[in-house]
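Enquirer: Structure in structure tokens, see below.
The values are calculated or read from the model by the stated rules, or taken from the named source; none is laboratory data. Just so it is clear, the model here is predicted, and its values are computed rather than measured. Every residue, glycine among them, receives a Cβ derived from its backbone with ideal geometry; neighbour counts consider all protein chains shown.
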Amino acid sequence: MTKGRVIKNYNGYYYVDIGQENLVECRRRGKLLKAKILVGDELDITELGQDKGVIEALLPRRNQIRRPAVANIDQLFVIMAAQSPDPNQFLIDKMLMTCEYGGIHPTLCFNKCDLDRATAEKYKAFYERCGYDVYLVSAKSGDGLDAVQKLLP
């Protein structure tokens, strides 16, 4: 058996990355028909040749969220504008709670900090007190992007 990770799910076909050039198109075994397989799930598959395979087992998940339905997330960023439109703190808090409930500790990133640096600094101070890593960036000027890019392998 080969271990892989679901990259895409389309009409009952699961496209699994096993570390080779092409994805393996898999169907599930009858014993897994009731299992909910999500993008990001790690699986054991049997390769049938010609980039086809059969899912044999669903491996335990490290974490998951429901919307979008994904599993085994390594890193998650919540990105909001610091200005234009104004940040919606209720929406930010809701996203953070959803992530924490799913076992994921996200990173916050406020964009457009060149428009209103003072407001962005207030949000940064608040969410850092709550235990989150917060990055202030400007996609337009490029300020702060280097720090965020270092987090993305």
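Enquirer: Among the numbered criteria (1) more than 25 Å from Lys150 (Cα to Cα); (2) buried (at least 17 other Cβ atoms within 10 Å of the Cβ); (3) among the charged types (D, E, K, R), which one does Asp51 miss?
Expert: With respect to (1) more than 25 Å from Lys150 (Cα to Cα); (2) buried (at least 17 other Cβ atoms within 10 Å of the Cβ); (3) among the charged types (D, E, K, R), Asp51 is out only on (2).
Enquirer: Still on this structure: Based on this model, can you work out whether Arg61 counts as assigned to a strand (DSSP E or B), at pLDDT 90 or above and not polar (S, T, N, Q)? Write out each step before concluding.
Expert: Details: assigned to a strand (DSSP E or B): no; at pLDDT 90 or above: yes; not polar (S, T, N, Q): yes.
When the stated conditions are applied, Arg61 does not pass them.
Enquirer: Related question: Counting only residues that are under 15 Å from the mean Cα position of the chain (by Cα) and over 15 Å from Lys124 (Cβ atoms), how many does region 67-96 have?
Expert: Within region 67-96, the subset under 15 Å from the mean Cα position of the chain (by Cα) is 67-79, 95-96.
Subsequent filtering for residues that are over 15 Å from Lys124 (Cβ atoms) retains 67-76, 95.
Residues that pass the stated criteria total 11.
Enquirer: Okay, next question. Given Phe77, Phe90, which one is loosely packed, with under 13 Cβ neighbours inside 10 Å and either modelled with pLDDT of 90 or more or in the same structural domain as Tyr123 (by TED's automatic domain parsing) (or both)? Spell out the reasoning first.
Expert: Working: Phe77 fails: loosely packed, with under 13 Cβ neighbours inside 10 Å.
After ruling out the rest, the residue left standing is Phe90.
Enquirer: Within region 126-149, take every residue that is among the aromatic types (Phe, Trp, Tyr) and in a helix (DSSP H, G or I) and give me the one that is farthest from Asp74 (Cα to Cα).
Expert: Kept after step one, since they are among the aromatic types (Phe, Trp, Tyr), are these residues of region 126-149: 126-127, 132, 135.
From the residues that got through so far, the ones that are in a helix (DSSP H, G or I) too are 126-127.
Working: Phe126: 25, Tyr127: 21 Å.
Step by step, filter region 126-149, then rank; the result is Phe126.
Enquirer: While we're on this one: Hey, any hits in region 21-42 for a residue that's buried (at least 17 other Cβ atoms within 10 Å of the Cβ) and in contact (Cβ under 8 Å) with a residue 40 or more places away in the chain?
Expert: no
Enquirer: Something else about it: Restricting region 1-18 to residues that are over 22 Å from Pro68 (Cβ atoms) and in contact with a Ser or Thr (Cβ under 9 Å, 6 or more places away or on another chain), which is modelled with the lowest pLDDT? Walk me through how you get there before you give the answer.
Expert: Applying the first criterion (over 22 Å from Pro68 (Cβ atoms)) to region 1-18 yields 1-3, 18.
Narrowing the set further to residues that are in contact with a Ser or Thr (Cβ under 9 Å, 6 or more places away or on another chain) leaves 1-2, 18.
Values: Met1: 87, Thr2: 91, Ile18: 92.
If we take residues in region 1-18 being over 22 Å from Pro68 (Cβ atoms) and in contact with a Ser or Thr (Cβ under 9 Å, 6 or more places away or on another chain), then Met1 is modelled with the lowest pLDDT.
Enquirer: Kindly indicate which of Ala125, Ala82, Ala118 is touching a Ser or Thr at 6+ places or on another chain (Cβ under 7 Å) and either modelled with pLDDT under 90 or small (Gly, Ala, Ser) (or both).
Expert: Details: Ala125 fails: touching a Ser or Thr at 6+ places or on another chain (Cβ under 7 Å); Ala118 fails: touching a Ser or Thr at 6+ places or on another chain (Cβ under 7 Å).
Ala82 is the lone residue from the list that is touching a Ser or Thr at 6+ places or on another chain (Cβ under 7 Å) and either modelled with pLDDT under 90 or small (Gly, Ala, Ser) (or both).
Enquirer: When both residues are 6+ apart or on different chains and their Cβ atoms are under 7 Å apart, which pairs have a first residue that lies in region 112-125 and is in a loop (DSSP other than H, G, I, E, B), and a second that is aliphatic (A, V, I, L, M) and surrounded by 15 or more Cβ atoms within 10 Å (Cβ to Cβ)?
Expert: Lys112/Ala81; Lys112/Ala82; Cys113/Ala82; Cys113/Ala120; Cys113/Leu136; Cys113/Val137; Leu115/Ala82; Asp116/Ala82
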